[in-house]
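These notes concern the structure reproduced below.
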Amino acid sequence: MKRTGALFLAVFLLLSTLVLPGRAVDFPDVTPGSWYEAPVTALADAGALTGFPDGTFRPGATISWAEYVTIIARQAGLTTVPTSTSHWAAGYLQAALNAGWYDWDELPPDNVSGWDAPISRQLAVKVVMKALLPDARGNYSDWQPRISDFSALNGRYYDVTFAAYAAGVAQGDDRGQFRPAASLTRAEACALIHRAAQKANAAGGSDPVPVPTAPVESPVPSPAATVTGGVSKHGWLHVEGTQLTGEKGEAVALHGMSSHGLQWYGQYASKEAMAATAAYGANVYRVAMYTAEGGYLSDKSLADKAFAAVDAAIENDLYVILDWHILSDGNPQSNQEQAVEFFDRASKRYAQVPNVLYEICNEPNGGVTWTGNVKPYAQAVIPVIRANSPQSVILVGSPTWSQDLHQVQKSPLDFGNVMYTLHFYAGTHGQWLRDRVDAALKAGLPVFVSEWGTSRADGSGGVFLTESAQWLDFLDSRGISWCNWSLCDKGETSAALRPGAPSSGPWSEEQLSESGKFVFSRF
Ligand code: IDC
(Lines give C-alpha, C1' and ligand atoms only; values in the text may rest on other atoms or scores of the structure.)
Protein backbone atom coordinates (compact mmCIF):
# COMPACT_ATOMS: atom_id res chain seq x y z
CA MET A 1 0.00 0.00 0.00
CA LYS A 2 2.70 2.40 1.07
CA ARG A 3 4.68 1.81 -2.09
CA THR A 4 1.62 2.25 -4.29
CA GLY A 5 0.83 5.52 -2.56
CA ALA A 6 4.35 6.80 -3.08
CA LEU A 7 4.26 5.74 -6.70
CA PHE A 8 0.99 7.58 -7.23
CA LEU A 9 2.43 10.68 -5.66
CA ALA A 10 5.52 10.49 -7.84
CA VAL A 11 3.46 10.02 -11.01
CA PHE A 12 1.17 12.86 -9.99
CA LEU A 13 4.06 15.21 -9.39
CA LEU A 14 5.71 14.21 -12.60
CA LEU A 15 2.59 14.80 -14.68
CA SER A 16 1.41 17.91 -12.94
CA THR A 17 4.76 19.62 -13.31
CA LEU A 18 4.46 19.31 -17.07
CA VAL A 19 1.87 22.00 -17.07
CA LEU A 20 1.78 23.73 -13.72
CA PRO A 21 2.63 27.40 -13.99
CA GLY A 22 5.93 28.55 -12.68
CA ARG A 23 8.86 30.74 -13.40
CA ALA A 24 10.09 30.57 -16.96
CA VAL A 25 12.94 28.15 -17.18
CA ASP A 26 15.83 27.83 -19.50
CA PHE A 27 15.20 24.39 -20.89
CA PRO A 28 18.53 22.71 -21.68
CA ASP A 29 16.92 20.84 -24.59
CA VAL A 30 15.30 23.89 -26.19
CA THR A 31 17.93 24.87 -28.72
CA PRO A 32 18.55 28.61 -28.87
CA GLY A 33 17.52 29.93 -32.27
CA SER A 34 15.43 26.86 -33.07
CA TRP A 35 12.05 27.33 -34.79
CA TYR A 36 10.24 26.40 -31.59
CA GLU A 37 12.26 28.41 -29.09
CA ALA A 38 10.08 31.51 -29.19
CA PRO A 39 6.71 29.77 -28.83
CA VAL A 40 7.92 27.45 -26.05
CA THR A 41 9.49 30.33 -24.14
CA ALA A 42 6.42 32.53 -24.59
CA LEU A 43 4.08 29.86 -23.27
CA ALA A 44 6.39 29.09 -20.36
CA ASP A 45 6.63 32.80 -19.53
CA ALA A 46 2.86 33.04 -19.62
CA GLY A 47 2.67 30.22 -17.09
CA ALA A 48 0.94 27.87 -19.48
CA LEU A 49 3.62 25.19 -19.16
CA THR A 50 6.75 24.19 -17.32
CA GLY A 51 9.13 21.42 -18.11
CA PHE A 52 9.64 17.99 -16.67
CA PRO A 53 11.02 17.60 -13.14
CA ASP A 54 14.49 17.07 -14.59
CA GLY A 55 14.27 20.53 -16.15
CA THR A 56 13.87 19.36 -19.72
CA PHE A 57 11.07 20.29 -22.10
CA ARG A 58 11.37 17.32 -24.51
CA PRO A 59 10.35 19.15 -27.68
CA GLY A 60 10.31 16.02 -29.81
CA ALA A 61 8.03 13.96 -27.55
CA THR A 62 4.45 13.36 -28.64
CA ILE A 63 1.93 15.52 -26.83
CA SER A 64 -1.07 13.91 -25.15
CA TRP A 65 -4.68 15.10 -25.03
CA ALA A 66 -4.34 16.01 -21.36
CA GLU A 67 -1.11 17.99 -21.79
CA TYR A 68 -2.39 19.79 -24.88
CA VAL A 69 -5.78 20.80 -23.54
CA THR A 70 -4.27 21.89 -20.23
CA ILE A 71 -1.75 24.21 -21.86
CA ILE A 72 -4.50 25.87 -23.89
CA ALA A 73 -6.79 26.06 -20.87
CA ARG A 74 -4.10 27.91 -18.92
CA GLN A 75 -3.34 30.14 -21.86
CA ALA A 76 -7.03 30.95 -22.29
CA GLY A 77 -7.62 31.43 -18.58
CA LEU A 78 -10.19 28.65 -18.32
CA THR A 79 -11.13 27.72 -14.76
CA THR A 80 -11.12 24.07 -13.76
CA VAL A 81 -14.38 22.45 -12.75
CA PRO A 82 -14.70 19.78 -10.06
CA THR A 83 -14.97 16.22 -11.35
CA SER A 84 -15.07 12.81 -9.75
CA THR A 85 -12.10 11.63 -11.84
CA SER A 86 -8.71 11.63 -10.19
CA HIS A 87 -6.62 12.21 -13.34
CA TRP A 88 -4.37 15.26 -12.90
CA ALA A 89 -5.93 17.03 -15.90
CA ALA A 90 -9.57 16.10 -15.19
CA GLY A 91 -10.68 19.55 -14.07
CA TYR A 92 -9.39 21.22 -17.22
CA LEU A 93 -10.62 18.51 -19.57
CA GLN A 94 -14.12 18.67 -18.13
CA ALA A 95 -14.09 22.47 -18.31
CA ALA A 96 -12.92 22.32 -21.94
CA LEU A 97 -15.67 19.83 -22.78
CA ASN A 98 -18.24 22.08 -21.11
CA ALA A 99 -16.89 25.03 -23.10
CA GLY A 100 -17.44 23.14 -26.35
CA TRP A 101 -13.77 22.94 -27.32
CA TYR A 102 -14.35 19.31 -28.22
CA ASP A 103 -17.27 16.92 -28.19
CA TRP A 104 -18.10 14.05 -25.97
CA ASP A 105 -17.48 11.37 -28.59
CA GLU A 106 -14.06 12.81 -29.48
CA LEU A 107 -12.78 12.12 -25.98
CA PRO A 108 -15.37 10.39 -23.80
CA PRO A 109 -15.12 11.57 -20.17
CA ASP A 110 -14.98 7.99 -18.97
CA ASN A 111 -12.09 7.06 -21.25
CA VAL A 112 -9.39 8.18 -18.84
CA SER A 113 -6.66 6.16 -20.53
CA GLY A 114 -7.45 8.08 -23.73
CA TRP A 115 -6.50 11.31 -21.97
CA ASP A 116 -2.87 10.26 -21.97
CA ALA A 117 -2.99 9.13 -25.60
CA PRO A 118 -1.72 11.37 -28.42
CA ILE A 119 -4.15 13.97 -29.76
CA SER A 120 -4.53 14.04 -33.54
CA ARG A 121 -3.68 17.16 -35.53
CA GLN A 122 -7.24 17.70 -36.75
CA LEU A 123 -8.50 17.60 -33.17
CA ALA A 124 -5.64 19.74 -31.92
CA VAL A 125 -6.60 22.37 -34.48
CA LYS A 126 -10.23 22.16 -33.46
CA VAL A 127 -9.49 22.62 -29.77
CA VAL A 128 -7.14 25.57 -30.21
CA MET A 129 -9.48 27.33 -32.64
CA LYS A 130 -12.57 26.82 -30.47
CA ALA A 131 -10.63 28.05 -27.45
CA LEU A 132 -8.77 31.03 -28.85
CA LEU A 133 -10.28 31.98 -32.21
CA PRO A 134 -13.90 30.83 -32.15
CA ASP A 135 -15.04 33.36 -34.74
CA ALA A 136 -12.42 32.59 -37.37
CA ARG A 137 -13.68 31.30 -40.71
CA GLY A 138 -12.09 30.01 -43.91
CA ASN A 139 -13.55 29.22 -47.31
CA TYR A 140 -13.67 25.72 -48.71
CA SER A 141 -12.73 26.92 -52.19
CA ASP A 142 -9.69 28.84 -50.93
CA TRP A 143 -8.16 26.20 -48.71
CA GLN A 144 -9.27 22.79 -49.92
CA PRO A 145 -7.02 22.96 -53.02
CA ARG A 146 -4.00 23.84 -50.86
CA ILE A 147 -4.25 20.80 -48.62
CA SER A 148 -2.67 18.05 -50.66
CA ASP A 149 -3.95 15.24 -48.43
CA PHE A 150 -7.39 16.77 -48.05
CA SER A 151 -9.09 13.41 -48.64
CA ALA A 152 -7.67 12.17 -45.34
CA LEU A 153 -9.41 14.96 -43.42
CA ASN A 154 -12.59 13.98 -41.58
CA GLY A 155 -15.47 16.13 -42.89
CA ARG A 156 -16.30 17.03 -39.34
CA TYR A 157 -13.13 19.15 -39.24
CA TYR A 158 -13.43 20.89 -42.61
CA ASP A 159 -14.70 24.21 -41.25
CA VAL A 160 -12.32 24.47 -38.35
CA THR A 161 -9.33 23.43 -40.47
CA PHE A 162 -10.10 26.00 -43.17
CA ALA A 163 -10.48 28.62 -40.44
CA ALA A 164 -7.11 27.63 -38.97
CA TYR A 165 -5.41 27.87 -42.37
CA ALA A 166 -7.07 31.19 -43.13
CA ALA A 167 -5.89 32.56 -39.78
CA GLY A 168 -2.36 31.28 -40.44
CA VAL A 169 -2.60 29.05 -37.37
CA ALA A 170 -2.37 25.76 -39.26
CA GLN A 171 0.20 25.37 -42.00
CA GLY A 172 0.88 22.43 -44.21
CA ASP A 173 4.27 20.74 -44.37
CA ASP A 174 6.60 21.27 -47.31
CA ARG A 175 4.51 18.90 -49.39
CA GLY A 176 1.31 20.77 -48.53
CA GLN A 177 0.15 17.95 -46.26
CA PHE A 178 -1.89 18.53 -43.13
CA ARG A 179 -1.66 14.90 -41.90
CA PRO A 180 -4.96 15.20 -39.99
CA ALA A 181 -4.77 11.86 -38.19
CA ALA A 182 -1.11 12.09 -37.15
CA SER A 183 0.04 13.19 -33.71
CA LEU A 184 2.06 16.34 -32.90
CA THR A 185 5.23 16.85 -30.95
CA ARG A 186 5.30 19.09 -27.92
CA ALA A 187 7.24 21.67 -29.92
CA GLU A 188 4.71 21.64 -32.76
CA ALA A 189 1.86 21.96 -30.29
CA CYS A 190 3.47 25.00 -28.71
CA ALA A 191 3.97 26.61 -32.09
CA LEU A 192 0.32 25.99 -32.97
CA ILE A 193 -1.00 27.34 -29.68
CA HIS A 194 1.33 30.31 -29.75
CA ARG A 195 0.29 31.29 -33.27
CA ALA A 196 -3.38 31.15 -32.26
CA ALA A 197 -2.70 33.15 -29.09
CA GLN A 198 -0.82 35.81 -31.05
CA LYS A 199 -3.60 35.99 -33.57
CA ALA A 200 -6.18 36.29 -30.80
CA ASN A 201 -4.20 39.09 -29.15
CA ALA A 202 -3.44 40.90 -32.36
CA ALA A 203 -4.77 44.44 -32.43
CA GLY A 204 -7.13 45.07 -35.33
CA GLY A 205 -5.26 45.81 -38.54
CA SER A 206 -1.84 44.46 -37.71
CA ASP A 207 -1.25 40.82 -38.46
CA PRO A 208 1.89 39.35 -36.97
CA VAL A 209 1.04 35.83 -38.07
CA PRO A 210 2.64 34.69 -41.29
CA VAL A 211 0.10 33.52 -43.82
CA PRO A 212 1.10 30.36 -45.68
CA THR A 213 2.63 31.05 -49.04
CA ALA A 214 3.15 28.97 -52.16
CA PRO A 215 -0.29 27.44 -52.56
CA VAL A 216 -0.36 24.09 -54.29
CA GLU A 217 -1.64 24.58 -57.83
CA SER A 218 -5.38 24.59 -57.96
CA PRO A 219 -6.58 21.26 -59.41
CA VAL A 220 -9.78 22.53 -61.02
CA PRO A 221 -10.98 25.82 -62.35
CA SER A 222 -13.57 27.04 -59.92
CA PRO A 223 -16.98 26.37 -61.46
CA ALA A 224 -18.51 27.50 -58.21
CA ALA A 225 -18.20 31.02 -59.56
CA THR A 226 -20.67 30.21 -62.31
CA VAL A 227 -23.12 28.37 -60.10
CA THR A 228 -26.06 30.42 -58.93
CA GLY A 229 -28.15 29.34 -56.01
CA GLY A 230 -25.39 27.16 -54.64
CA VAL A 231 -24.28 26.43 -51.15
CA SER A 232 -22.15 29.54 -50.82
CA LYS A 233 -25.34 31.54 -51.30
CA HIS A 234 -27.90 29.66 -49.21
CA GLY A 235 -25.76 27.93 -46.58
CA TRP A 236 -27.42 25.42 -44.26
CA LEU A 237 -30.90 24.59 -45.48
CA HIS A 238 -33.88 24.02 -43.25
CA VAL A 239 -37.59 23.46 -43.66
CA GLU A 240 -40.12 26.15 -42.83
CA GLY A 241 -43.67 24.87 -43.05
CA THR A 242 -43.61 22.91 -46.30
CA GLN A 243 -40.84 25.00 -47.92
CA LEU A 244 -37.15 24.27 -48.20
CA THR A 245 -35.44 27.43 -46.99
CA GLY A 246 -31.96 28.97 -47.01
CA GLU A 247 -29.98 30.29 -44.11
CA LYS A 248 -31.46 33.78 -44.36
CA GLY A 249 -35.02 32.50 -44.55
CA GLU A 250 -35.28 32.67 -48.34
CA ALA A 251 -37.28 30.00 -50.21
CA VAL A 252 -34.95 27.62 -52.05
CA ALA A 253 -35.80 25.17 -54.83
CA LEU A 254 -33.03 22.77 -55.81
CA HIS A 255 -32.83 21.49 -59.38
CA GLY A 256 -30.32 18.97 -60.62
CA MET A 257 -29.45 15.46 -61.70
CA SER A 258 -29.39 12.12 -59.98
CA SER A 259 -26.59 9.75 -60.76
CA HIS A 260 -27.49 6.32 -62.12
CA GLY A 261 -26.32 3.40 -59.98
CA LEU A 262 -22.79 4.28 -58.82
CA GLN A 263 -21.71 0.66 -59.22
CA TRP A 264 -22.41 0.89 -62.96
CA TYR A 265 -22.08 4.55 -63.95
CA GLY A 266 -19.92 5.99 -61.19
CA GLN A 267 -17.76 7.78 -63.74
CA TYR A 268 -20.58 10.31 -64.28
CA ALA A 269 -20.40 11.24 -60.60
CA SER A 270 -17.02 12.90 -61.17
CA LYS A 271 -16.11 16.45 -60.28
CA GLU A 272 -15.92 17.33 -63.96
CA ALA A 273 -19.34 15.85 -64.80
CA MET A 274 -20.85 17.77 -61.92
CA ALA A 275 -19.13 20.98 -62.96
CA ALA A 276 -20.50 20.55 -66.47
CA THR A 277 -24.00 19.98 -65.09
CA ALA A 278 -23.70 22.93 -62.72
CA ALA A 279 -22.70 25.09 -65.68
CA TYR A 280 -26.21 24.51 -67.05
CA GLY A 281 -27.61 25.88 -63.79
CA ALA A 282 -28.01 22.83 -61.58
CA ASN A 283 -27.51 23.40 -57.87
CA VAL A 284 -27.92 19.88 -56.55
CA TYR A 285 -26.59 16.42 -57.37
CA ARG A 286 -28.00 13.15 -56.08
CA VAL A 287 -25.64 10.29 -55.35
CA ALA A 288 -27.62 7.06 -55.86
CA MET A 289 -25.87 4.35 -53.88
CA TYR A 290 -27.75 1.14 -54.65
CA THR A 291 -27.99 -1.26 -51.75
CA ALA A 292 -28.81 -4.39 -53.81
CA GLU A 293 -27.97 -5.34 -57.43
CA GLY A 294 -24.23 -5.31 -56.78
CA GLY A 295 -24.54 -2.27 -54.53
CA TYR A 296 -23.32 -1.46 -51.03
CA LEU A 297 -24.64 -4.58 -49.31
CA SER A 298 -22.37 -6.81 -51.36
CA ASP A 299 -19.54 -4.29 -51.78
CA LYS A 300 -18.87 -1.94 -48.89
CA SER A 301 -16.27 -0.07 -50.90
CA LEU A 302 -19.15 1.57 -52.74
CA ALA A 303 -19.37 3.88 -49.71
CA ASP A 304 -15.98 5.32 -50.67
CA LYS A 305 -17.24 5.94 -54.19
CA ALA A 306 -20.29 7.64 -52.74
CA PHE A 307 -18.12 9.82 -50.48
CA ALA A 308 -15.87 10.73 -53.40
CA ALA A 309 -18.99 11.81 -55.29
CA VAL A 310 -20.21 13.86 -52.32
CA ASP A 311 -16.76 15.47 -52.05
CA ALA A 312 -16.89 16.30 -55.75
CA ALA A 313 -20.27 17.97 -55.32
CA ILE A 314 -18.95 19.97 -52.36
CA GLU A 315 -16.06 21.15 -54.48
CA ASN A 316 -18.59 22.38 -57.03
CA ASP A 317 -20.59 24.34 -54.44
CA LEU A 318 -23.53 21.99 -55.08
CA TYR A 319 -25.99 20.64 -52.60
CA VAL A 320 -25.75 16.88 -52.63
CA ILE A 321 -28.18 14.14 -51.68
CA LEU A 322 -26.70 10.94 -50.32
CA ASP A 323 -29.28 8.34 -51.35
CA TRP A 324 -29.58 4.88 -49.78
CA HIS A 325 -31.01 3.47 -52.99
CA ILE A 326 -33.23 0.58 -51.97
CA LEU A 327 -35.19 -0.84 -54.90
CA SER A 328 -35.33 -4.62 -55.37
CA ASP A 329 -34.89 -4.83 -51.59
CA GLY A 330 -38.27 -3.21 -51.06
CA ASN A 331 -38.48 -3.15 -47.25
CA PRO A 332 -36.01 -0.68 -45.71
CA GLN A 333 -36.12 -2.64 -42.46
CA SER A 334 -34.46 -5.67 -44.09
CA ASN A 335 -31.10 -3.91 -43.95
CA GLN A 336 -31.75 -1.37 -41.24
CA GLU A 337 -28.58 -2.19 -39.32
CA GLN A 338 -26.41 -1.57 -42.36
CA ALA A 339 -28.28 1.66 -43.05
CA VAL A 340 -27.68 2.84 -39.48
CA GLU A 341 -24.00 1.99 -39.76
CA PHE A 342 -23.66 3.73 -43.12
CA PHE A 343 -25.49 6.90 -42.15
CA ASP A 344 -23.61 7.11 -38.87
CA ARG A 345 -20.35 7.04 -40.80
CA ALA A 346 -21.55 9.47 -43.45
CA SER A 347 -23.01 11.99 -41.03
CA LYS A 348 -19.85 11.97 -38.95
CA ARG A 349 -17.78 12.61 -42.03
CA TYR A 350 -20.01 15.46 -43.19
CA ALA A 351 -21.16 16.71 -39.78
CA GLN A 352 -20.00 20.27 -40.43
CA VAL A 353 -20.84 20.44 -44.11
CA PRO A 354 -23.95 22.36 -45.16
CA ASN A 355 -24.04 20.74 -48.63
CA VAL A 356 -25.27 17.30 -47.65
CA LEU A 357 -28.88 16.09 -47.47
CA TYR A 358 -29.53 12.49 -46.45
CA GLU A 359 -32.12 10.38 -48.32
CA ILE A 360 -32.59 7.36 -46.13
CA CYS A 361 -34.65 5.08 -48.39
CA ASN A 362 -35.11 5.60 -52.10
CA GLU A 363 -38.26 3.63 -52.86
CA PRO A 364 -39.90 1.30 -50.37
CA ASN A 365 -42.09 -1.19 -52.23
CA GLY A 366 -43.42 -4.75 -52.18
CA GLY A 367 -46.25 -4.63 -49.68
CA VAL A 368 -44.58 -2.47 -47.06
CA THR A 369 -46.67 0.13 -45.22
CA TRP A 370 -45.82 3.54 -43.83
CA THR A 371 -46.71 2.91 -40.20
CA GLY A 372 -45.63 -0.73 -40.20
CA ASN A 373 -42.24 -0.44 -41.91
CA VAL A 374 -41.03 2.87 -43.29
CA LYS A 375 -41.88 5.06 -40.31
CA PRO A 376 -40.21 2.78 -37.73
CA TYR A 377 -37.17 2.56 -39.99
CA ALA A 378 -37.01 6.35 -40.22
CA GLN A 379 -37.37 6.60 -36.45
CA ALA A 380 -34.31 4.38 -36.09
CA VAL A 381 -32.11 6.06 -38.69
CA ILE A 382 -32.88 9.77 -38.26
CA PRO A 383 -31.65 10.07 -34.65
CA VAL A 384 -28.33 8.51 -35.69
CA ILE A 385 -27.80 11.18 -38.35
CA ARG A 386 -29.01 13.96 -36.09
CA ALA A 387 -26.64 12.95 -33.30
CA ASN A 388 -23.76 13.74 -35.63
CA SER A 389 -25.19 16.44 -37.85
CA PRO A 390 -28.08 18.07 -36.01
CA GLN A 391 -28.89 20.63 -38.71
CA SER A 392 -29.09 18.37 -41.72
CA VAL A 393 -32.18 18.01 -43.88
CA ILE A 394 -33.34 14.40 -44.18
CA LEU A 395 -35.46 13.00 -47.02
CA VAL A 396 -37.77 10.06 -46.38
CA GLY A 397 -39.45 7.82 -48.96
CA SER A 398 -42.85 6.19 -48.77
CA PRO A 399 -44.43 2.90 -49.89
CA THR A 400 -45.21 2.15 -53.57
CA TRP A 401 -41.90 3.54 -54.88
CA SER A 402 -42.25 6.80 -52.95
CA GLN A 403 -45.72 7.68 -54.11
CA ASP A 404 -47.78 7.12 -50.95
CA LEU A 405 -47.78 10.58 -49.39
CA HIS A 406 -51.42 10.01 -48.44
CA GLN A 407 -50.29 7.29 -46.03
CA VAL A 408 -47.59 9.55 -44.57
CA GLN A 409 -49.88 12.49 -43.96
CA LYS A 410 -52.01 10.45 -41.54
CA SER A 411 -48.99 9.87 -39.33
CA PRO A 412 -45.99 12.10 -40.10
CA LEU A 413 -42.66 11.87 -38.32
CA ASP A 414 -41.96 13.86 -35.18
CA PHE A 415 -38.69 15.38 -36.44
CA GLY A 416 -38.03 18.83 -37.82
CA ASN A 417 -36.15 19.42 -41.09
CA VAL A 418 -37.57 16.29 -42.68
CA MET A 419 -39.05 16.21 -46.18
CA TYR A 420 -40.98 13.41 -47.85
CA THR A 421 -39.96 12.32 -51.29
CA LEU A 422 -42.33 11.93 -54.21
CA HIS A 423 -41.10 10.13 -57.32
CA PHE A 424 -42.78 10.28 -60.72
CA TYR A 425 -42.10 9.23 -64.30
CA ALA A 426 -43.86 11.47 -66.81
CA GLY A 427 -44.91 8.61 -69.11
CA THR A 428 -46.62 6.73 -66.28
CA HIS A 429 -47.76 9.14 -63.59
CA GLY A 430 -50.14 12.03 -64.19
CA GLN A 431 -52.70 14.29 -62.59
CA TRP A 432 -53.73 11.84 -59.88
CA LEU A 433 -50.22 11.93 -58.41
CA ARG A 434 -50.03 15.72 -58.65
CA ASP A 435 -53.33 15.84 -56.74
CA ARG A 436 -51.72 13.71 -54.10
CA VAL A 437 -48.86 16.19 -53.80
CA ASP A 438 -51.32 19.05 -53.33
CA ALA A 439 -53.20 17.14 -50.66
CA ALA A 440 -49.94 16.43 -48.86
CA LEU A 441 -48.87 20.08 -48.98
CA LYS A 442 -52.27 21.10 -47.68
CA ALA A 443 -51.81 18.68 -44.81
CA GLY A 444 -48.47 20.33 -44.05
CA LEU A 445 -46.05 17.73 -45.47
CA PRO A 446 -42.87 19.18 -47.00
CA VAL A 447 -42.37 17.42 -50.35
CA PHE A 448 -39.11 16.88 -52.30
CA VAL A 449 -39.05 15.20 -55.74
CA SER A 450 -35.67 13.52 -55.34
CA GLU A 451 -36.18 11.44 -58.50
CA TRP A 452 -38.27 11.84 -61.63
CA GLY A 453 -37.89 10.81 -65.28
CA THR A 454 -39.06 11.97 -68.67
CA SER A 455 -39.66 8.29 -69.55
CA ARG A 456 -42.01 5.60 -68.35
CA ALA A 457 -41.46 4.21 -64.86
CA ASP A 458 -39.20 1.47 -66.23
CA GLY A 459 -36.69 4.11 -67.34
CA SER A 460 -37.50 3.72 -71.03
CA GLY A 461 -40.18 4.69 -73.54
CA GLY A 462 -41.05 8.16 -74.72
CA VAL A 463 -39.65 10.61 -73.99
CA PHE A 464 -42.72 12.38 -72.64
CA LEU A 465 -41.71 16.01 -72.79
CA THR A 466 -45.18 17.59 -72.77
CA GLU A 467 -46.06 15.64 -69.66
CA SER A 468 -42.66 16.43 -68.17
CA ALA A 469 -43.15 20.15 -68.75
CA GLN A 470 -46.56 19.95 -67.11
CA TRP A 471 -45.00 18.31 -64.07
CA LEU A 472 -42.14 20.81 -63.81
CA ASP A 473 -44.51 23.78 -64.13
CA PHE A 474 -46.53 22.27 -61.33
CA LEU A 475 -43.44 21.79 -59.13
CA ASP A 476 -42.15 25.30 -59.90
CA SER A 477 -45.43 26.90 -58.92
CA ARG A 478 -45.19 25.17 -55.55
CA GLY A 479 -41.49 25.77 -54.92
CA ILE A 480 -40.72 22.04 -54.94
CA SER A 481 -37.16 20.82 -55.52
CA TRP A 482 -36.27 18.05 -57.94
CA CYS A 483 -33.57 15.74 -59.29
CA ASN A 484 -33.86 14.06 -62.68
CA TRP A 485 -33.02 10.40 -63.32
CA SER A 486 -30.28 10.09 -64.53
CA LEU A 487 -26.88 11.50 -65.51
CA CYS A 488 -25.38 8.65 -67.53
CA ASP A 489 -25.06 7.42 -71.11
CA LYS A 490 -27.01 4.17 -70.79
CA GLY A 491 -29.14 3.29 -73.82
CA GLU A 492 -32.44 4.11 -72.13
CA THR A 493 -34.54 7.19 -72.78
CA SER A 494 -34.33 8.53 -69.22
CA ALA A 495 -30.53 8.89 -69.53
CA ALA A 496 -29.45 12.50 -70.06
CA LEU A 497 -26.45 11.60 -72.24
CA ARG A 498 -26.20 9.67 -75.46
CA PRO A 499 -24.22 6.42 -75.42
CA GLY A 500 -20.52 7.18 -75.53
CA ALA A 501 -20.76 10.73 -74.15
CA PRO A 502 -17.60 11.43 -72.14
CA SER A 503 -17.85 11.32 -68.37
CA SER A 504 -15.86 14.51 -68.04
CA GLY A 505 -18.10 16.97 -69.91
CA PRO A 506 -18.73 19.61 -71.06
CA TRP A 507 -21.06 18.00 -73.57
CA SER A 508 -22.00 19.11 -77.04
CA GLU A 509 -25.66 19.28 -78.12
CA GLU A 510 -25.15 15.99 -79.94
CA GLN A 511 -23.94 14.31 -76.79
CA LEU A 512 -27.06 15.24 -74.85
CA SER A 513 -30.08 12.96 -75.26
CA GLU A 514 -33.54 14.35 -75.95
CA SER A 515 -34.21 14.02 -72.26
CA GLY A 516 -30.93 15.69 -71.31
CA LYS A 517 -31.56 18.69 -73.56
CA PHE A 518 -34.99 19.21 -72.07
CA VAL A 519 -33.97 18.73 -68.45
CA PHE A 520 -30.83 20.86 -68.66
CA SER A 521 -32.90 23.70 -70.11
CA ARG A 522 -35.13 23.58 -67.04
CA PHE A 523 -32.57 23.95 -64.25
C1 IDC B 1 -33.57 1.90 -63.25
C2 IDC B 1 -32.50 2.19 -64.26
C3 IDC B 1 -32.21 0.95 -65.06
C4 IDC B 1 -31.89 -0.19 -64.10
C5 IDC B 1 -33.02 -0.37 -63.10
C6 IDC B 1 -32.77 -1.44 -62.08
O7 IDC B 1 -32.91 3.24 -65.10
O8 IDC B 1 -31.15 1.16 -65.96
O9 IDC B 1 -31.70 -1.38 -64.83
O10 IDC B 1 -33.23 0.84 -62.42
O11 IDC B 1 -31.66 -1.14 -61.31
C12 IDC B 1 -36.88 4.05 -60.12
C13 IDC B 1 -35.64 3.71 -59.40
C14 IDC B 1 -34.46 3.70 -60.33
C15 IDC B 1 -34.84 3.11 -61.68
C16 IDC B 1 -35.83 4.06 -62.31
C17 IDC B 1 -36.24 3.65 -63.73
O18 IDC B 1 -35.41 4.56 -58.29
O19 IDC B 1 -33.45 2.95 -59.73
O20 IDC B 1 -33.69 3.05 -62.45
N21 IDC B 1 -37.00 4.16 -61.45
O22 IDC B 1 -36.83 2.39 -63.73
N23 IDC B 1 -38.07 4.28 -59.58
C24 IDC B 1 -38.96 4.47 -60.56
C25 IDC B 1 -38.30 4.39 -61.77
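The values are calculated or read from the model by the stated rules, or taken from the named source; none is laboratory data. Keep in mind that what you see is a predicted model, and the values were worked out from it rather than measured. Every residue, glycine among them, receives a Cβ derived from its backbone with ideal geometry; neighbour counts consider all protein chains shown. Surface areas here come from the heavy atoms of the whole protein model, side chains and all, with no ligands, DNA or RNA. Shrake-Rupley method; radii C 1.70, N 1.55, O 1.52, S 1.80 Å.
For SER328, what charge total do you get from the other residues with a beta carbon under 13 Å from its beta carbon, if Lys and Arg give +1 and Asp and Glu give -1?
Surrounding charge for SER328 is -3.
Seen from GLY430, the other residues with C-beta closer than 14 Å to its C-beta sum to a net charge of -1, counting Lys and Arg as +1 and Asp and Glu as -1.
Within the straight-line cut-off of under 18 Å between alpha carbons, the aspartates and glutamates reachable from LYS410 are ASP435, ASP438, sequence neighbours fewer than 8 places apart in one chain being disregarded. Looking at the range 138-199, the pairs of alpha carbons with a distance over 14 Å make up 57% of the total.
Taking every alpha-carbon pair within the range 85-126, the share separated by more than 17 Å comes to 23 percent.
Could you work out the local net charge near GLN171, counting Lys and Arg as +1, Asp and Glu as -1, over the other residues with Cβ closer than 13 Å to its Cβ? Local net charge: +3.
Provide, as a two-decimal number, the C-alpha radius of gyration of the chain over 2.2 N^0.38 Å, N being how many residues it has.
Against the empirical 2.2 N^0.38 Å value, I get 1.12 for the chain.
Solvent-accessible surface of the range 56-213, taken per residue with a 1.4 Å probe and all protein chains present: 41 Å².
Accessible surface calculations at 1.4 Å, restricted to protein heavy atoms, place the range 271-312 at 29 Å² per residue. With a threshold of 26 Å on the Cα-Cα distance, the over-threshold entries among LYS271/LYS490; LYS375/LYS517; LYS300/LYS517; LYS248/LYS517 are LYS375/LYS517; LYS300/LYS517; LYS248/LYS517. Straight-line cross-link reach from LYS130 at under 24 Å between alpha-carbon atoms covers these lysines, not counting any fewer than eight positions away in the same chain: LYS199, LYS348.
Using Cα-Cα distances under 8 Å and only pairs 6 or more residues apart, what relative contact order does the chain have, in percent? 11 percent. Taking every DSSP bridge with both residues inside the chain, close to 20 percent are antiparallel.
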